[in-house]
Amino acid sequence: MEELSELFPLDPEKVYYSTDSLTLDTEEGPVTMKVGAWLNADPVRIHRMIVRDKVLQVDNFEVLNPLVSKLRRADPEYYKKFMGLQLIIDYPGYSSGILAKIPFENDPVGFYKWWRKGKHEDKVYLSIGNRVRLFQKVAMMDPKMILKKDLKLLQ
């Protein structure tokens with residue numbers, strides 16, 4: 001890790017680029033690195049600061065796009081949860097990967113079969129809200145298809 005001795009506290013008004021210095025508290029105390037180095041050192045923390053906490057503003061092209069790529073390798077589970085239905089999947093009937101959102105919305109019964117009965121729950125993370133939406137659609141369109149454990153969520 002390339003550490004610098006000067007402190008550069010987070011400025012919520014500033015848009016950060018990969019070459020900007022940033023000081024964050026760590027278990028070892030305050031550590032200053034370039035934003036680009038933070039992407040390698042702790043991609044999940046940086047992503048949470050940008051997306052969930054909204055305390056860090058960054059340039060999309062220079063920082064956010066490379067960060068999303070690093071997240072996929074650094075923490076696949078976090079990446080899956082973050083991407084949700086925006087994740088590209090291999091889905092029957094399509095020659096190449098597509099957004100999970102497409103079959104989820106256009107073919108809910110087929111998506112349910114693929115996701116739940118095809119044992120692909122590990123491929124796409126569905127929030128509780130999206131599970132309820134999917135289960136409601138499947139229960140309405142093909143009531144015999146839905147599993148009892150999924151019906152319980154709707155009650």
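General remarks:
- Extreme residue, positive dipole direction of region 59-155, given options Gln155, Gly129, Ile88 (C-beta unit charges): Gln155
- Surface per residue (accessible, 1.4 Å probe) for the chain, Å²: 61
- Where [x] 72, 37, 24; [y] 46, 34, 30; [z] 64, 37, 26 are the candidate values, the label of the one calculated here for Cα extents along the principal axes in Å is [z].
- Virtual spin-label span in nm between Asn60 and Asn106, 7 Å along Cα→Cβ: 2.4
- Of the residues Ser96, Ser69, Ser21, the one that moves most in a GNM of the chain with alpha-carbon contacts below 10 Å is Ser96.
- Helical content of the chain, expressed as a calculated mean residue ellipticity at 222 nm, amounts to -11500 deg cm²/dmol (DSSP H runs of 4 or more residues, -39,500 (n - 2.57) each, divided by residue number, nearest 500).
- Carbon and sulfur %, accessible surface of the chain computed with the full protein complex present, 1.4 Å: 53
- Efficiency of FRET from Cβ geometry, Glu28 and Arg133, R₀ 35 Å, rounded to 0.05: 0.20
- Heavy-atom accessible area with a 1.4 Å probe sorts Thr19, Thr26, largest first, into Thr19, Thr26.
- Charging the Cβ of each Asp and Glu at -1 and of each Lys and Arg at +1, and nothing else, the dipole of the chain about its Cα centre rounds to 1540 debye.
- Of the residues Thr23, Asn40, Ile50, the one whose Cα sits farthest towards the positive end of the charge dipole of region 15-71 is Ile50 (charges of +1 on Lys and Arg Cβ, -1 on Asp and Glu Cβ, taken about the Cα centre).
- Pairs spanning more than 22 Å between alpha-carbon atoms, out of Lys70/Lys113; Lys80/Lys101; Lys80/Lys152; Lys113/Lys148; Lys54/Lys123: Lys70/Lys113; Lys80/Lys152; Lys54/Lys123.
The values are calculated or read from the model by the stated rules, or taken from the named source; none is laboratory data. As the structure is a prediction and not an experimental result, all values here were calculated from the model. Here Cβ is always computed from backbone atoms with ideal geometry, including for glycine, and neighbour counts include all displayed protein chains. Just the protein is used for accessible areas: all its heavy atoms, side chains included, with ligands, DNA and RNA removed. Shrake-Rupley method; radii C 1.70, N 1.55, O 1.52, S 1.80 Å.
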